[in-house]
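Peer 1: The structure follows.
Any read-out appearing in this document is the output of simple, stated calculations on the displayed coordinates, not a laboratory observation. All values derive from a computational prediction rather than experimental measurement. All Cβ positions, glycine included, derive from the backbone under ideal geometry; neighbour counts span all protein chains shown.
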Amino acid sequence: MAALALVRRAIAADPADAEAHYLAAKFFAGLGKRPLTIKHLEAALEHGAGVLAVRILARVDSEFDGLRADERFNALIDPLPQGPLRPLYAALAAGRLNEVVALAATLERSLDVLYPLREALERLMDASANPSPFDEMLVATNDEIDEREDAGEESDAYARYCGES
């Protein structure tokens, strides 16, 4: 009960403290209280700073073992988007950079596709001898990204992948 009181005081002192909500989620997971665990894990992710760390920690923290089969829990900790973008981001996460380039060519052009494409091209260029066959593709990709950003387009999928949302 003392631990619960400390967590509640920390949240009361700063309701936007991601660490306090993460600790509360761990506490409630240990008690088997799924709804409260999910609520506090959502709050930890909602408060920006440390989002990537929260997702990574929750994936490996044994306190959450009882939630591994819970779809809501898995959706919270999964940084990869659902739908047609998922294979692109899975390839990027696995370091299959040539696959990212190939998949990006099959998808509708958006920042959700262009950002991982740029990341893959940059990493491929870093690994190849100069001049790189990816130089021109990277320049064109950066130009398209600049145009889309200037037009106000945003990327929810890449932000989540990077831990920014």
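Peer 1: Take each complete run of DSSP H in the chain, measure how far its Cα atoms stretch along the helix's own axis, and keep only those covering 20 Å or more with mean Kyte-Doolittle hydropathy at least 0.0; list them.
Peer 2: Working: long enough: 111-127 (24 Å, 0.16); 135-150 (23 Å, -1.28).
Passing helices, by number: 111-127.
Peer 1: Normalise the Cα radius of gyration of the stretch 83-162 by 2.2 N^0.38 Å (N = residues in it) and let me know the number. Each step should come with its number before you reach the end.
Peer 2: Details: Rg = 12.1 Å, N = 80, 2.2 N^0.38 = 11.6 Å.
Cα Rg divided by the expected 2.2 N^0.38 Å: 1.04.
Peer 1: Could you give the length gained on full extension between Glu149 and Glu42, defined as 0.36 nm per residue of separation minus the Cα-Cα distance, in nm?
Peer 2: Details: separation 107, 0.36 × 107 = 38.52 nm, distance 2.85 nm.
The Glu149-Glu42 span can extend by a further 35.7 nm.
Peer 1: Ranking Ser62, Ser110, Ser155 by Cβ neighbours within 10 Å, fewest first, what do you get? Please report the intermediate quantities before stating the final value.
Peer 2: Details: Ser62 9, Ser110 16, Ser155 22.
Taking fewest neighbouring Cβ atoms as first place, the list is Ser62, Ser110, Ser155.
Peer 1: Where does the chain land at 222 nm, in deg cm²/dmol rounded to the nearest 500, when only DSSP H runs of n ≥ 4 count, each adding -39500 (n - 2.57), divided by all residues?
Peer 2: Details: 10 runs with 112 residues, N = 165.
The helix-only estimate for the chain comes to -20500 deg cm²/dmol at 222 nm.
Peer 1: Pick out, in residue order, every one of the trypsin sites (Lys or Arg not before Pro) in the stretch 1-62 that is DSSP loop and has at most 15 other C-beta atoms within 10 Å; say none if there are none.
Peer 2: Numbers: sites: Arg8, Arg9, Lys26, Lys33, Lys39, Arg55, Arg59; in loops: Lys33.
Those that pass, being in a loop and sparsely packed, are Lys33.
Peer 1: Related question: In the set [x] 30; [y] 26; [z] 39, which value of percent of Cα pairs over 27 Å apart was calculated from the structure you see?
Peer 2: For percent of Cα pairs over 27 Å apart, the calculated option is [z].
Peer 1: Sorted by packing (mean other beta-carbon atoms within 10 Å per residue), highest first, where do 84-93, 113-122 land? Don't skip to the end; give the middle numbers.
Peer 2: Working: 84-93: 18.1, 113-122: 22.2.
Sorting 84-93, 113-122 by mean packing, highest first, produces 113-122, 84-93.
Peer 1: For the stretch 2-77, what is the convex hull volume of the alpha-carbon atoms per residue, in Å³? Mind showing how you got there, number by number?
Peer 2: Values: hull volume 5.5 nm³, N = 76.
It is 72 Å³ per residue.
Peer 1: Cα centroids of the stretch 1-38 and the stretch 129-154: how far apart, whole angstrom?
Peer 2: Result: 43 Å between the Cα centres.
Peer 1: Pick from Ala44, Ala102, Ala69: which residue has the top mean-square fluctuation in a GNM of the chain where Cα pairs under 10 Å get a spring?
Peer 2: Checking each option, the largest mean-square fluctuation is seen for Ala69.
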